[in-house]
Amino acid sequence: MWSFVGSKKRQRWLWYAWEPRLKRIIAHALGARSKKTLKKLLGLLSGFNVAFWCTDNFSAWDMLPDKRHILANALNVKT
């Protein structure tokens with residue numbers, strides 16, 4: 001999820017981790033769409049056993065383990 005401050009050149013992204021069993025956000029980081037913001041989120045999640053990551057194909061995600069990384073577009077079903 002993203003928005004901007006002042007102009008669209010200053011985009012800010014809300015990165016979050018959703019826990020489906022609890023139906024709540026367990027961690028979040030606000031910042032640019034960058035590896036730096038991802039590292040903030042990963043730091044907040046270091047105490048959790050993350051089962052899998054469901055993301056888009058953004059380049060920062062290459063930091064995540066391949067075996068537990070699911071691309072969201074791979075889940076789309078064409079009708």
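Just so it is clear, none of the values below were taken in a lab; they were calculated from the coordinates. Please read all numbers here as calculations on a predicted model, not as lab measurements. Reconstructed Cβ throughout: ideal geometry from the backbone, glycine too, with neighbour counts over all protein chains shown.
Tell me yes or no: at least one residue of the range 1-23 is surrounded by 13 or more Cβ atoms within 10 Å (Cβ to Cβ), of a type in the set (Val, Ile, Thr) and not in a loop (DSSP other than H, G, I, E, B). Checking the range 1-23: not a single residue is surrounded by 13 or more Cβ atoms within 10 Å (Cβ to Cβ), of a type in the set (Val, Ile, Thr) and not in a loop (DSSP other than H, G, I, E, B). In a residue-by-residue description of the range 31-47, the property of being without any contact (Cβ under 8 Å) to a residue 40 or more places away in the chain and over 13 Å from the mean Cα position of the chain (by Cα) applies to at least one position. Can you name the residue in the range 24-49 that is in contact with a helix residue (DSSP H, G or I) (Cβ under 7 Å, 6 or more places away or on another chain) and assigned to a helix (DSSP H, G or I) and, of all such residues, is surrounded by the most Cβ atoms within 10 Å (Cβ to Cβ)? Only one residue fits best here, namely LEU38.
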